[in-house]
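Novice: My structure is below; once you've seen it, I'll send some questions.
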Amino acid sequence: MTKKQRKARRRHLRAVFHRNANRSVVARKTWETRRERHSSTGSTIQSTNTQGGTIIAQEKLFQRKLTLQEMEQTLWGAADILRGAIRPERYGNYVLPLLFFKRLSDVYVEEYNELMKKYRSEGIARKKFHRFLIPEGCLWGDIRRQSQNVGQKLNEVLAQIAKSNPQLEGVINRVDFNKQDELPQDRLIRLVEHFSQVQLGNANVEADILGNVYEYMLKKFNEEAPQRAGEFYTPREVVRAMIGILDPEEGYEIYDPCCGSGGMLIVSHYHLANKGKDPKKLFLYGQEINVDTWSIAMMNVMLHDMEAEIHQGDTLADPKVLDGSALKKFDMVVANPMWNQDGYKQLMESDRFGRFVYGIASDSSADWGWIQHMLASLKPSGRMGIVLDQGALFRGGAEGDIRRKVLEDDLVECVVALPEKIFYNTGAPGCLIFLNKNKHKERKGKVLFIYAAKGFDKLKNMNRLRDEDVEKLLKTHKEFKDVAKYAQVVALDKIKENDYNLSVTRYVDVFDEDEPVDVAQVWQDLKKLEIERTKIDERVKAYLKELGYEQ
């Protein structure tokens, strides 16, 4: 390198150094300015002071409780901060753990202050009577005060919280917030400041409201990245319909073997609450194969202030909700598995739990494998509901044989055809299949077919079941009788005649009748038209003659 080139190289390096230094100063000043602004408006950051004991102070950023809509709008702004920096399908990986951490921190501070007033003991206030313990130096305010290496600090804080609360291991500390090639530090700082706008303690927001906000954010993330959404999120209108039909009661043990974000368990909880009964008397279980989705489900349940036992793993390959060495049995099983999963035939053939008594599904689709796993997980009086694509209703081969045997045992109670384009990751129409091990006497030997494919709201890119559509579906199932162009109760003998095909349109006449044709009147109309055509031809010939075109 020549002397001239070395000088040019030094000038370039000095310029780069000063530019980065200036950026660092600007980021730090921005951070400090925001802290000062919050302090000057009477908003004290949660903090710890180890000189002379621990002090935790918290003042309201808002003097009133936020409405659900206000919280949704405020927290969804977090996605705008990430937009352009990371892929939409990754938004939730960062936003949801931050929301969860903010909630834990705010509730802990709130509990601490109440315990200090009651016991006047630092030891009790810090370590006793908390659902989740927050180690010293690990509050939200400790992150806000960090002006450098924020991602690293956040990782360390979340790791310490998980260590102090084993049930949060792999839940709150799964994401790497120090991955600056994906999440630049300035975006993380903005995210922290954004969430600092709201207090999420119990005094400011009730668990059901915060849980609904979490669900709202899941839905919005799904709309941003619909192809991934179908892996863990079932539209809540579909879930409400399923849970409404199954109608759980106090004392029920409920299981979702592929629970995604936990929506079906959560809706079961609120279904009971809306009936004026105690949802704490439900016992909820689930399993989820995707580890990131499992952590979302765990946070979702906790933010709703619920208890649920949710395991991580592949349910078909390694079910983990057990009673000793056997499958645990439930009053109600509900699921929306991935449709047409392949590669499970060999596993079914060597199953150690004896689940697949009706036959081995083909290697190209595990749909009827899922149904058999769910049946094997039911108590003798249990009921189940599953979401599948409509091909499961009529495909032949191994699936057809399994479907025939299940029908011969009189387990299928209801089949519902859903509209197309209501699921995030596919436009294909799905169906609901409900099975009952203990049918009422009047329903034995029968199946109710419901054609719910015509009732929906048409949105920009997809469709959505309306409240009236869900209510009509629930009412029809409860009454279990024929409804013209909508529902038909069919005897098993009739289904047998149709080779055990469960396609809804084979049994429900959904086509509009053709209007009767008055042939005599149509003939008279044709004759009139012929006369008019003759007159027009004569006029055209006359015009041509005047113009000199007549031969």
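Novice: Counting only residues that are part of a loop (DSSP other than H, G, I, E, B) and under 18 Å from residue 339 (Cα atoms), how many does the range 424-448 have?
Specialist: In the first step, residues of the range 424-448 are kept if they are part of a loop (DSSP other than H, G, I, E, B); the result is 424-425, 427-429, 437-440, 444-445.
Filter again for under 18 Å from residue 339 (Cα atoms), leaving 424-425, 427-429.
Summing the residues that are part of a loop (DSSP other than H, G, I, E, B) and under 18 Å from residue 339 (Cα atoms) in the range 424-448 gives 5.
Novice: Same structure, new question: Kindly evaluate residue 541 against the criterion of being within 16 Å of residue 448 (Cβ to Cβ) and surrounded by 11 or more Cβ atoms within 10 Å (Cβ to Cβ).
Specialist: Numbers: within 16 Å of residue 448 (Cβ to Cβ): no; surrounded by 11 or more Cβ atoms within 10 Å (Cβ to Cβ): yes.
Answer is no for this residue.
Novice: Go through 392, 398 for me and flag whichever is surrounded by 17 or more Cβ atoms within 10 Å (Cβ to Cβ), more than 27 Å from residue 470 (Cβ to Cβ) and not charged (D, E, K, R). Working first, answer last.
Specialist: Values: 392 fails: more than 27 Å from residue 470 (Cβ to Cβ).
The match here is 398.
Novice: Test residue 298 against the criterion of being in a loop (DSSP other than H, G, I, E, B), under 21 Å from the mean Cα position of the chain (by Cα), closer than 14 Å to residue 256 by Cβ and touching a residue at least 12 places away in the same chain (Cβ under 8 Å), and give yes or no.
Specialist: Details: in a loop (DSSP other than H, G, I, E, B): no; under 21 Å from the mean Cα position of the chain (by Cα): yes; closer than 14 Å to residue 256 by Cβ: yes; touching a residue at least 12 places away in the same chain (Cβ under 8 Å): yes.
No.
Novice: Give, as residue ranges, the helices (runs of 4 or more DSSP H) completely inside the range 464-551 that count at least 1 residues that are among the hydrophobic types (A, V, I, L, M, F, W, C) and under 18 Å from residue 433 (Cβ atoms).
Specialist: Once the helices (runs of 4 or more DSSP H) in the range 464-551 are filtered for at least 1 residues that are among the hydrophobic types (A, V, I, L, M, F, W, C) and under 18 Å from residue 433 (Cβ atoms), what remains is 467-479, 492-497.
Novice: Residue check, residue 290 against (1) on the phi > 0 side of the Ramachandran plot; (2) at pLDDT below 95, all met but one. Which one?
Specialist: Condition (1) is where residue 290 drops out.
Novice: Let me ask something additional. Would you mind finding the one in 92, 123, 137 that is without any contact (Cβ under 8 Å) to a residue 12 or more places away in the chain and either in the same structural domain as residue 166 (by TED's automatic domain parsing) or surrounded by 20 or more Cβ atoms within 10 Å (Cβ to Cβ) (or both)? Talk me through it step by step, then tell me what you get.
Specialist: On the way: 92 fails: without any contact (Cβ under 8 Å) to a residue 12 or more places away in the chain; 137 fails: without any contact (Cβ under 8 Å) to a residue 12 or more places away in the chain.
Only one candidate qualifies: 123.
Novice: Is at least one residue of the range 195-204 surrounded by fewer than 21 Cβ atoms within 10 Å (Cβ to Cβ) and either without any contact (Cβ under 8 Å) to a residue 40 or more places away in the chain or assigned to a helix (DSSP H, G or I) (or both)?
Specialist: No, the range 195-204 contains no residue that is surrounded by fewer than 21 Cβ atoms within 10 Å (Cβ to Cβ) and either without any contact (Cβ under 8 Å) to a residue 40 or more places away in the chain or assigned to a helix (DSSP H, G or I) (or both).
Novice: Right, another one. Evaluate the following for residue 421: is it in a loop (DSSP other than H, G, I, E, B), free of Cβ contacts under 8 Å to residues at least 24 places away in the same chain and charged (D, E, K, R)? Break it down stepwise before answering.
Specialist: On the way: in a loop (DSSP other than H, G, I, E, B): yes; free of Cβ contacts under 8 Å to residues at least 24 places away in the same chain: no; charged (D, E, K, R): yes.
Taking the combined requirement at face value, the residue does not satisfy it.
Novice: May I ask you to say which residue of 285, 255 is among the hydroxyl-bearing types (Ser, Thr, Tyr) and without any contact (Cβ under 8 Å) to a residue 60 or more places away in the chain?
Specialist: Details: 255 fails: without any contact (Cβ under 8 Å) to a residue 60 or more places away in the chain.
It is 285.
Novice: Of the numbered conditions (1) free of Cβ contacts under 8 Å to residues at least 40 places away in the same chain; (2) of a type outside the set (A, V, I, L, M); (3) within 22 Å of residue 192 (Cα to Cα), residue 105 fails exactly one; give the number of that condition.
Specialist: (1)
Novice: Continuing with the same structure: Would you check if residue 463 is assigned by TED's automatic domain parsing to the domain that holds residue 397 and at pLDDT below 95?
Specialist: Considered against the rule, which asks whether it is assigned by TED's automatic domain parsing to the domain that holds residue 397 and at pLDDT below 95, residue 463 comes out as yes.
Novice: Going by the conditions given, is residue 277 surrounded by fewer than 20 Cβ atoms within 10 Å (Cβ to Cβ) and touching an Asp or Glu at 6+ places or on another chain (Cβ under 6 Å)? Show your work before the answer.
Specialist: Values: surrounded by fewer than 20 Cβ atoms within 10 Å (Cβ to Cβ): yes; touching an Asp or Glu at 6+ places or on another chain (Cβ under 6 Å): yes.
Yes, satisfied.
Novice: Which one of these does residue 173 not meet: (1) out of contact with any Phe, Trp or Tyr (no Cβ under 8 Å at 6 or more places or on another chain); (2) part of a loop (DSSP other than H, G, I, E, B); (3) under 30 Å from residue 435 (Cβ atoms)?
Specialist: Here residue 173 clears every test but (3).
Novice: Could you check the range 307-337 and list, in sequence order, the residues that are part of a loop (DSSP other than H, G, I, E, B) and within 14 Å of residue 373 (Cα to Cα)? Reasoning before the result, please.
Specialist: If we filter the range 307-337 for residues that are part of a loop (DSSP other than H, G, I, E, B), which is where we start, we get 307-308, 313-321, 324-325, 328-329, 336-337.
Result: 314, 315, 316, 317, 318, 319, 320, 321, 328, 329, 336, 337.
Novice: Could you check the range 60-112 and list, in sequence order, the residues that are among the hydroxyl-bearing types (Ser, Thr, Tyr) and part of a loop (DSSP other than H, G, I, E, B)? Step through it out loud before you land on a result.
Specialist: We begin by selecting, within the range 60-112, every residue among the hydroxyl-bearing types (Ser, Thr, Tyr); these are 67, 74, 91, 94, 105, 108, 112.
Correct list: 67 only.
Novice: Would you check if residue 219 is at pLDDT 95 or above and in a helix (DSSP H, G or I)? Talk me through it step by step, then tell me what you get.
Specialist: Numbers: at pLDDT 95 or above: no; in a helix (DSSP H, G or I): yes.
Judged against the criteria, residue 219 is not a match.
Novice: Also: Please identify the pairs in which a residue from the range 164-183 that is at positive phi has its Cβ atom under 9 Å from the Cβ atom of a residue that is part of a helix (DSSP H, G or I), counting only partners at least 6 apart or on another chain.
Specialist: Sorted first by the residue in the range 164-183, then by its partner, the pairs are 170/162; 170/291; 170/294; 170/295; 170/298.
Novice: Hey, any hits in the range 224-237 for a residue that's in a helix (DSSP H, G or I), crowded, with 21+ Cβ neighbours inside 10 Å and hydrophobic (A, V, I, L, M, F, W, C)?
Specialist: yes
The values are calculated or read from the model by the stated rules, or taken from the named source; none is laboratory data. Note that the coordinates shown come from a computational prediction; the quantities given were computed from them, not determined experimentally. Glycine also receives a Cβ, built like all others from the backbone with ideal geometry; neighbour counts cover every protein chain displayed.
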